[in-house]
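Colleague: There's a structure below that I have some questions on.
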Amino acid sequence: MPDQVRRKIRVLFAAAEAVPFVKTGGLGDVAGSLPAELRRAGAKASVILPKYSFIPQEYQEQMVHVADFYVPLAWRSVYCGIEKLTYHGVDFYFVDNEAYFKRDAAYGYFDDGERFAFFSKAICEAIELLPELQCDVLHCNDWQTALAPVFIREFYQASEACRNVKTIFTVHNVKFQGQYSDKVLEDVLGLADNPTAAGQLYCDRDSINYMKGALCYSDIITTVSPSYASELQMPFYGEGMDGIFRRRSASLRGILNGIDVDAWNPATDELINHKYSVDDMSGKAEDKRLLQQELGLAEDPTRPLVVMIGRLTNQKGLGLVRYAMSRLMERGVQVAILGTGDRDQEDAFRYFDWTYGDQMSARIAFDNALSHRMYSGGDILLMPSEFEPCGLSQMIAMRYGTLPVVRETGGLQDSVEAYNKFTGEGTGFRFANMNADEMANTLLSACELFWTDQEAWAKLRRQAMETDFSWSRAADEYMGIYHDLHPEIAR
Ligand code: ADP
């Protein structure tokens, strides 16, 4: 063990989105919540993200100009401003360049490859130039920041500020990898004359894959649940990267995300009709009645109310639900779905709503307030996903005593403990295969328990509600990794 220094470990968290400034998916939640928890766990954590023009004005007005410099990007020299805002105790640094980030949305532009190569290079340059951004760990997330671990090794290794920086790359969604024509190698990345680097970035004969770069260069790779970390090593889930995940399996960890346990709390939630807690569940029964009323379902406490909340895309296993719907209806189960997504999925559920009257409701909308009322009013949350890196809905549902029925994949498998009828243990119900009958059997056996054994049901609810899904557990695990990378810094 080297001589240890006593100071806080410095973590720079790099992401293309962070709540409350910009959010398109789960990454925004993570970047908005985790750094504050890392601070509480003893790190000096800051966040760096692009300064998009659509960040709400109230935040833009609070930003303070810290520095500006020029970033070398192949043959270009590109302006970069750094603005700072402290939010809930965490310093957020915004990379400013209007040519790249004065757009209507975060992604989806022809030059995304160049925009996020710039962002990644600007991060390295900022670490080198600005003492307040110096860090021990650079924690990058998804393809938009995937080049930073590559650049820091290839261009900044000689710099005093960068030499000891360790890099972590977290995969939130392996579907989006940032793949571009190999012209970027010379024109944007400036790596055409570096065959070692180029070799690690090439994925096909003539395309460059940013995520592959991060997977090869980062000291540690993490993803958002332990099961997804195993699945990424399989061809079915790995989206072409499974070979690299297998090669780097010794450096690959899965850490389950948390949820915002203050925002999702039935005892204090202002968006639900009746608040309740694990010791007094009477409010939940009332919430169920009001939800049935609101959705045009029969107001009947004896019918299990199955809710689904999420994007209506193939990933979510909706084919199984469609196949099993008539069987569920015949058994007297109520189903309520809230979501938007693919047109054919939306239409299928509109059709069920129309066909099954007061037993089925489909709200094709994005409605946060209604989602709270559904989490609190439901008995069961159904989530038969084909794959699910982490999944938030099942954790939120458990917090509201709405028992999840999930397929055993990714974060669903890691967060839901299967009901054991012999011991009464568990926090929900699970099935293994992408098979509609298997899903329906599991769901109906959950309903059977709901109908026949209220005591066992109440016990499961209590266990689900008492499970710890806070970010502090995840933060502790990340802190363990950071410190393992820097044994010279005392814990
Ligand atoms: P994913 O990230 O794949 O979309 P998650 O389960 O991780 O799925 O997160 C989805 C989050 O978005 C949950 O908090 C869920 O409540 C919310 N959500 C999804 N669709 C809707 C909707 N139509 N209305 C309100 N909230 C929604």
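Bear in mind these aren't lab numbers, they're just calculated from the coordinates by the rules spelled out. Owing to the predicted nature of the structure, the values given are computational and were not obtained by experimental measurement. Glycine also receives a Cβ, built like all others from the backbone with ideal geometry; neighbour counts cover every protein chain displayed.
Colleague: I'd like the orientation of helix 112-129 relative to the chain: the angle between its Cα long axis and the longest Cα principal axis, in ° from 0 to 90, rounded to 10.
Modeller: Once rounded, one gets 60 degrees.
Colleague: I've got another one for you. At 0.36 nm per residue, minus the direct Cα-Cα distance, what do R7 and F236 gain on full extension? Give it in nm, one decimal, please. Write out the running numbers ahead of the final one.
Modeller: Details: separation 229, 0.36 × 229 = 82.44 nm, distance 4.37 nm.
Working it through step by step, the gained length comes to 78.1 nm.
Colleague: If you don't mind, another one. Enumerate the amide H contacts of H139 below 5 Å, restricted to partners 5 or more residues apart or on another chain; note that Pro and chain-start residues carry no placed amide H.
Modeller: Distant-sequence amide H within range of H139: L12, F13, A14, I168.
Colleague: If you rank H483, H139, H88 by fewest surrounding Cβ atoms within 10 Å, what's the result?
Modeller: Values: H483 18, H139 29, H88 11.
Least crowded to most crowded, the residues run H88, H483, H139.
Colleague: Still on this structure, please answer the following. Collect residues whose amide H, placed 1.01 Å from N in the peptide plane, falls under 5 Å from the amide H of A67; neighbours closer than 5 in sequence don't count.
Modeller: I82
Colleague: How high is the FRET efficiency from S159 to D68, r the C-beta distance, R0 25 Å, rounded to 0.05? Could you put the intermediate results ahead of the total?
Modeller: Values: r = 19 Å, r/R0 = 0.76.
Working from the Cβ atoms, E equals 0.85.
Colleague: Given the Cα-Cα distance of N441 and T313 and 0.36 nm per residue of separation, how much length would full extension add, in nm? Provide the component values of the computation, followed by the final result.
Modeller: Numbers: separation 128, 0.36 × 128 = 46.08 nm, distance 2.28 nm.
Roughly 43.8 nm would be gained on extension.
Colleague: How are the Cα pair distances of the range 1-134 distributed, in percent, across 10 Å bins from 0?
Modeller: 12, 42, 34, 10, 2, 0
Colleague: Tell me which residues come under 5 Å, amide H to amide H, from R76 once H is placed; ignore anything under 5 positions away on its chain.
Modeller: The answer is none.
Colleague: Where the only charges are on Cβ atoms (+1 Lys, Arg; -1 Asp, Glu), what is the dipole of the range 317-417 about its Cα centre, to the nearest 20 debye? It would help to have the intermediate numbers written out before the result.
Modeller: Details: 9 positive and 14 negative charges, 43 e Å.
So the dipole magnitude of the range 317-417 works out to roughly 200 debye.
Colleague: Taking the beta-carbon count within 10 Å as an exposure proxy, list S227, S376 from fewest neighbours to most. Mind showing how you got there, number by number?
Modeller: Working: S227 23, S376 29.
In order of increasing Cβ crowding within 10 Å: S227, S376.
Colleague: Simple spin-label model, 7 Å along Cα-to-Cβ: D344 to T467 in nm?
Modeller: So the two model labels end up 3.2 nm from each other.
Colleague: Let a ≥ b ≥ c be the square roots of the eigenvalues of the Cα gyration tensor of the range 282-468; is it rounded (a/c under 1.5), or, if not, prolate (a/b larger than b/c) or oblate? Intermediate values should be presented prior to the final figure.
Modeller: Details: a/c = 1.39, a/b = 1.15, b/c = 1.21.
Here the range 282-468 falls in the rounded category.
Colleague: Rounded to whole Hz and in sequence order, give me ³J(HN,Hα) for the range 290-301 from the Karplus expression 6.51 cos²θ - 1.76 cosθ + 1.60, θ = phi - 60°, writing x for Gly and Pro.
Modeller: Once θ is set to phi - 60°, the couplings for the range 290-301 become 5, 5, 4, 4, 4, 8, x, 9, 4, 7, 9, x Hz.
Colleague: On a 0 to 90 degree scale, rounded to 10, what angle separates helix 436-452 from the longest Cα axis of the chain?
Modeller: 60 degrees
Colleague: Mind checking which lysines have their C-alpha under 29 Å from K459, skipping anything on the same chain fewer than 8 residues away?
Modeller: Within the straight-line limit of under 29 Å, K459 reaches these lysines: K275, K284, K288, K316, K421.
Colleague: What does the charge count near T409 come to, summing +1 for each Lys or Arg and -1 for each Asp or Glu among other residues with Cβ under 12 Å from its Cβ?
Modeller: Values: positive: K316, R407, R430; negative: E231, E386, E388, E408, D414.
Within the 12 Å Cβ shell, the charges total -2.
Colleague: Using +1 on the beta carbon of Lys and Arg, -1 on that of Asp and Glu, and nothing else charged, what's the dipole of the range 282-468 about the Cα centre, debye to 20?
Modeller: Around 120 debye, computed over the range 282-468.
Colleague: Quick check for me: using +1 on Lys/Arg Cβ and -1 on Asp/Glu Cβ, what's the dipole size of the chain about its Cα centre, in debye to the nearest 20?
Modeller: Numbers: 49 positive and 69 negative charges, 126 e Å.
Computed charge dipole of the chain: roughly 600 debye.
Colleague: Can you tell me the mean projection area, over all orientations, of the convex hull of the chain's alpha carbons? Units nm², please.
Modeller: On the way: hull surface 96.2 nm².
Taking a quarter of the hull surface, the average projection is 24.0 nm².
Colleague: Check each of the trypsin sites (Lys or Arg not before Pro) in the range 367-429 and keep only those in coil by DSSP with at most 16 other C-beta atoms within 10 angstrom; list them in order.
Modeller: Values: sites: R373, R399, R407, K421; in loops: K421.
In loop regions of the range 367-429 (DSSP not H, G, I, E or B), the sparsely surrounded trypsin sites (Lys or Arg not before Pro) are K421.
Colleague: If you don't mind, there's one more thing I want to ask. Taking the beta-carbon count within 10 Å as an exposure proxy, list I489, I380 from fewest neighbours to most. Intermediate results must be reported in sequence, preceding the final value.
Modeller: Details: I489 18, I380 23.
Neighbour counts put them in this order, fewest first: I489, I380.
Colleague: What FRET efficiency do you get for Y107 and Y79 if R0 is 25 Å and r is their Cβ-Cβ distance, rounded to the nearest 0.05? Kindly include the intermediate steps, with their values, before the conclusion.
Modeller: Details: r = 21 Å, r/R0 = 0.85.
For Y107 and Y79, the calculated efficiency is 0.70.
Colleague: So for the range 282-468, taking the charge dipole from beta-carbon charges (+1 Lys/Arg, -1 Asp/Glu), which of Y356, L318, F422 sits furthest toward the positive end?
Modeller: Checked the options; the winner is Y356.
Colleague: Output the 0 to 90 degree angle, nearest 10, between the alpha-carbon long axis of helix 368-377 and the longest principal axis computed from the alpha carbons of the chain.
Modeller: 40 degrees
Colleague: If the chain between W354 and E98 were fully stretched, how many nm would it gain, using 0.36 nm times the residue separation less the Cα-Cα distance?
Modeller: Once the chain is fully extended between W354 and E98, it gains 87.3 nm.
Colleague: Straight-line reach from K183: which lysines have Cα under 26 Å away, leaving out those fewer than 8 places along the same chain?
Modeller: Candidates past the 8-residue exclusion: K102, K121, K175, K212.
Colleague: Pop a pseudo-label 7 angstrom from the Cα along the beta-carbon direction at both S249 and Q57 and give the gap in nm to one decimal.
Modeller: For the pair S249/Q57, the computed spacing is 5.5 nm.
Colleague: Provide the per-residue ³J(HN,Hα) series for the range 318-328, in order, calculated from phi with Karplus coefficients 6.51, -1.76, 1.60 and θ = phi - 60°, each as a whole number of Hz, with x at glycine and proline positions.
Modeller: Result, rounded to whole Hz: 5, x, 5, 5, 4, 5, 8, 4, 5, 5, 5.
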